[in-house]
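Here the structure is laid out as structure tokens; the discussion comes afterwards.
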Amino acid sequence: MNADATTIADGNAGGDVPDVATGGAAGLTTPPKARRQYGVVIGLVALLVAFSIAHPDTFLTWDNTVSILSESAILAILAVGLTVPLAAGDFDLSIAAVASLAGMLTAVLVSDDGWAIGPMFIVCLAVGLAVGLINGVLVAYVKINAFVATLAMMSVLEGVSIGIAGETYRGALPSNLTDIGRSEFLGLPVVVYFALVLGLVLWYVMRATQFGRYVYSTGSSEIASRVAGVNTSSVRLRAFCISGVLAALAGAVLVARSGSAYPEGAQGLLLPAYAAAFVGSSVLSDGRFHIGGTLVGVILLQAGQDGLIMSNFPQWLTDVFNGAVLALAVGLSRVPPGTLLRLFGPTLKRIRSS
């Protein structure tokens with residue numbers, strides 16, 4: 001059994017003994033109940049089809065596609081980083097707070113202190129790495145529950161961000177920073193290519209390297225992985241480090257693209273990142289958290305939000321949309337086998353016979 005959305009939602013990563021020596025995750029069996037999660041993806045695709053029919057002249061256009069990809073890029077960076085600890089069986093609730101802190105540092109260092117762009121990015125990534133290390137030590141070595149440890153870290157980082165900002169926002173940031181975030185190549189923002197490259201690199205790491213196999217085997221069964229010789233504490237620590245670094249990168253890019261920074265500027269990305277990861281767990285891999293599925297989940301969610309706004313729904317409904325998608329993605333995976341068929345089977349038969 002893989003480290004899937006259901007085992008994460010249950011709060012444990014128990015499962016069958018993985019064959020770490022011969023390929024780990026590649027040889028693990030597919031959880032049958034994960035197949036029921038495809039209903040969420042089908043529902044999202046159906047929603048996008050409805051938006052396409054309702055707005056044929058605006059939704060299915062190159063300009064709108066560019067807009068969706070542009071708005072998805074930063075969330076994609078955050079979500080693919082989150083996917084790594086999720087695959088290892090751990091939550092990381094601090095990612096949005098890390099992004100907010102990195103964004104605030106970006107604005108303060110460049111605007112207030114006159115730092116060059118290169119050193120600024122190094123400092124932000126170092127902060128993300130430090131947070132990941134602390135989270136990893138607390139969870140993997142001190143044995144604090146990941147939910148509790150990262151929730152506490154989120155609160156700490158929110159306070160630090162406010163302290164750095166002085167409870168104010170930073171706007172009108174220097175053009176040498178915003179030019180990086182807003183530059184384009186072949187009609188697409190550079191940040192889209194950047195997110196794609198990061199996704200491809202992480203996809204390779206998780207699919208084709210020993211570390212990736214160890215991540216999945218740890219998420220499947222930490223005890224069995226330790227028996228097989230895997231240093232699961234080190235694997236979980238490195239997973240949190242990756243999550244922290246990419247969260248900091250997402251925050252810095254967010255500020256470079258928007259041209260302003262708020263103490264809690266990235267908090268709105270926490271729920272969409274989890275929703276994308278859980279939706280992505282039902283794409284292609286039957287319930288396993290993986291990079292490709294997360295990227296697909298990001299695009300589906302962003303396109304859905306774009307369609308809601310295009311249909312003149314109020315802005316607050318996008319939060320309802322993200323929460324509902326996350327609840328459905330987790331909830332449907334927990335429905336007992338055959339329940340949906342028993343509920344809707346007779347209706348489907350009547351429709352077919354009519």
Going through the stretch 194-219 in order, the residues found to be touching a Ser or Thr at 6+ places or on another chain (Cβ under 8 Å) and of a type in the set (S, T, N, Q) are 217, 218
Can you work out which of the residues in the stretch 309-324 that are hydrophobic (A, V, I, L, M, F, W, C) and under 15 Å from residue 268 (Cβ atoms) is surrounded by the most Cβ atoms within 10 Å (Cβ to Cβ)? 321
Hey, any hits in the stretch 292-307 for a residue that's over 30 Å from residue 174 (Cα atoms), over 17 Å from the mean Cα position of the chain (by Cα) and not acidic (Asp, Glu)? yes
(1) more than 29 Å from residue 53 (Cβ to Cβ); (2) of a type in the set (S, T, N, Q); (3) in contact with a Gly (Cβ under 7 Å, 6 or more places away or on another chain): which one isn't true of residue 267, the others all being true? (3)
Which of the residues belonging to the stretch 327-339 are aliphatic (A, V, I, L, M) and modelled with pLDDT under 80? 328, 329, 330, 332, 335
Does any residue of the stretch 59-72 turn out to be surrounded by 22 or more Cβ atoms within 10 Å (Cβ to Cβ), touching a Ser or Thr at 6+ places or on another chain (Cβ under 9 Å) and either under 17 Å from residue 266 (Cβ atoms) or at pLDDT 60 or above (or both)? no
Could you tell me which numbered condition residue 83 fails, if it satisfies all but one of (1) touching a residue at least 60 places away in the same chain (Cβ under 8 Å); (2) surrounded by fewer than 24 Cβ atoms within 10 Å (Cβ to Cβ)? (2)
I want to confirm something. Restricting to the stretch 161-182 and keeping residues that are of a type in the set (Ser, Thr, Tyr), assigned to a helix (DSSP H, G or I) and in contact (Cβ under 8 Å) with a residue 12 or more places away in the chain, which single residue is surrounded by the most Cβ atoms within 10 Å (Cβ to Cβ)? 161
Qualifying positions in the stretch 183-198 - in a helix (DSSP H, G or I) and out of contact with any Gly (no Cβ under 8 Å at 6 or more places or on another chain): 190, 192, 193, 194, 195, 196, 197, 198
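Restricting the search to the stretch 121-157, which residues are polar (S, T, N, Q) and surrounded by fewer than 17 Cβ atoms within 10 Å (Cβ to Cβ)?
145, 155
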Only one of 251, 292 is surrounded by fewer than 24 Cβ atoms within 10 Å (Cβ to Cβ), at pLDDT 80 or above and under 30 Å from residue 124 (Cβ atoms), namely 292
Among the candidates 123, 108, which residue alone is closer than 23 Å to residue 152 by Cα and more than 22 Å from the chain's Cα centre (by Cα)? 123
Within the stretch 203-230, which residues are of a type in the set (A, V, I, L, M), closer than 20 Å to residue 281 by Cβ and touching a residue at least 12 places away in the same chain (Cβ under 8 Å)? 206, 215
Quick test for you: out of 237, 200, 196, pick the one residue that is of a type outside the set (S, T, N, Q), at pLDDT 90 or above, surrounded by fewer than 24 Cβ atoms within 10 Å (Cβ to Cβ) and closer than 18 Å to residue 68 by Cβ. 196
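The values are calculated or read from the model by the stated rules, or taken from the named source; none is laboratory data. Owing to the predicted nature of the structure, the values given are computational and were not obtained by experimental measurement. Positions of Cβ are generated from backbone atoms using ideal geometry, with glycine treated the same way; all protein chains shown enter the neighbour counts.
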